Amino acid sequence: KLQEAKRSIEAAGGTCHIYQADLADLAAADRFIDQVLADHGHVDILINNAGRSIRRAVEHSYDRFHDYERTIQINYFAPLRLSLRVLPGMSARRSGHIINVSSMLGRVPFAVIRSAYSGAKHFLNALTANMRTELQQTHPGIQISLVSPGVVRTDFGLNARHGGVDSRHLPDSQSAEEVAAVVVNVIETRRPDVYTRTG
């Protein structure tokens with residue numbers, strides 16, 4: 001899929017460099033950023049969109065603390081780690097944009113059997129809001145944005161069933177392309193908080 005994206009961008013006249021990293025491994029995340037900085041010098045825009053969801057009731061998680069650890073690792077620690085790695089360069093240039101893609105479950109904990117995912121997204125939302133407030137005072141050229149989608153029709157939906165229904169087939173779901181268009185709009189407008197249509 002990365003190669004397909006690269007070909008599409010180049011066919012449209014753009015330049016594309018692709019990288020692969022397991023962001024659940026913070027050392028791998030560091031190596032990824034190190035390589036990007038070595039190749040390009042700095043990062044103008046960071047979009048934190050990697051995610052993991054676990055569908056398990058609290059009562060079935062008493063001996064599965066690792067489910068929460070894994071979910072927080074990718075949904076919270078990875079974007080935090082990447083953000084902290086690119087912020088020094090953004091601060092030096094007094095310019096930059098970090099976009100954290102969260103979830104409506106990070107705003108309203110209404111879904112059952114989603115405590116690990118919802119909790120991790122709440123962490124991300126709080127981080128985003130606090131980081132934005134602080135940096136607006138000290139580094140006003142840096143924008144921190146939060147995008148909160150509802151249900152998105154992706155393979156992620158295979159593991160995120162709602163009431164026994166595959167999320168990809170819910171009538172109020174959105175395509176990944178629709179959500180991507182919202183992210184592009186956030187880049188263009190630098191809006192701080194954005195809900196997608198379903199969000």
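Grab the Cα-Cα distance for GLU69 and ALA126, subtract it from 0.36 nm times how many residues apart they are, and report the gain in nm with one decimal. The partial results should precede the final answer.
Numbers: separation 57, 0.36 × 57 = 20.52 nm, distance 1.80 nm.
Contour length minus the Cα-Cα distance gives 18.7 nm.
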Take LEU37 and TYR62, extend 7 Å from each Cα along the Cα→Cβ direction, and tell me the distance between the two endpoints in nm. 4.6 nm
Starting from the residue with the highest accessible area, list ASP155, ASP25 in decreasing order, probe 1.4 Å. ASP155, ASP25
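Mind checking the per residue accessible area of segment 62-147 for me, 1.4 Å probe, whole number of Å²? Mind showing how you got there, number by number?
Working: 4010 Å² over 86 residues.
Dividing the accessible area of segment 62-147 by its residue count gives 47 Å².
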Sorted by chain and then number, the residues having a modelled amide H within less than 5 Å of the amide H of GLY96, at least 5 places away or on another chain, are GLN143
I'd like the Karplus ³J(HN,Hα) series for segment 62-75: coefficients 6.51, -1.76, 1.60, θ = phi - 60°, whole numbers in Hz, and an x wherever there's a Gly or Pro. 4, 10, 10, 4, 5, 4, 5, 4, 5, 5, 5, 4, 8, 8
Taking the Cα of ALA180, stepping 7 Å toward and past its beta carbon, and measuring to each backbone N in segment 137-155: which are under 18 Å? 147-155
For a label point 7 Å along the Cα-to-beta-carbon line of ASP155, residues of segment 89-106 with backbone N under 18 Å: none
Could you tell me whether segment 1-78 comes out rounded, prolate or oblate from its Cα gyration tensor? Rule is a ≥ b ≥ c as square roots of the eigenvalues, rounded for a/c under 1.5, then prolate if a/b exceeds b/c, otherwise oblate. prolate
Length-normalised contact order for segment 1-127 - Cα pairs under 8 Å, 6+ apart - percent: 28 percent
Round to a whole number: what % of the accessible area of the chain belongs to carbon and sulfur, probe 1.4 Å? 53 percent
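Leaving ligands and nucleic acids out of the surface, order ARG70, ARG64, ARG7, ARG132 by accessible area at 1.4 Å, largest first.
Working: ARG70 115, ARG64 70, ARG7 140, ARG132 30 Å².
Ranking ARG70, ARG64, ARG7, ARG132 by accessible area, largest first, yields ARG7, ARG70, ARG64, ARG132.
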Options (1) 1.63; (2) 1.00; (3) 0.97 - which one matches Rg/Rh (Cα atoms, Kirkwood Rh) as calculated here: (3)
Could you tell me the calculated FRET efficiency between ASP193 and ILE45, based on Cβ-Cβ distance and R0 = 25 angstrom, to the nearest 0.05? 0.90
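The values are calculated or read from the model by the stated rules, or taken from the named source; none is laboratory data. Just so you know, these numbers come straight off a predicted model, no measurement behind them. For neighbour counting, all protein chains shown are included, and Cβ atoms are generated from backbone atoms with ideal geometry for every residue, glycine included. When the accessible area is computed, the model is the full protein with side chains, heavy atoms only, and any ligands, DNA or RNA have been set aside. Shrake-Rupley method; radii C 1.70, N 1.55, O 1.52, S 1.80 Å.
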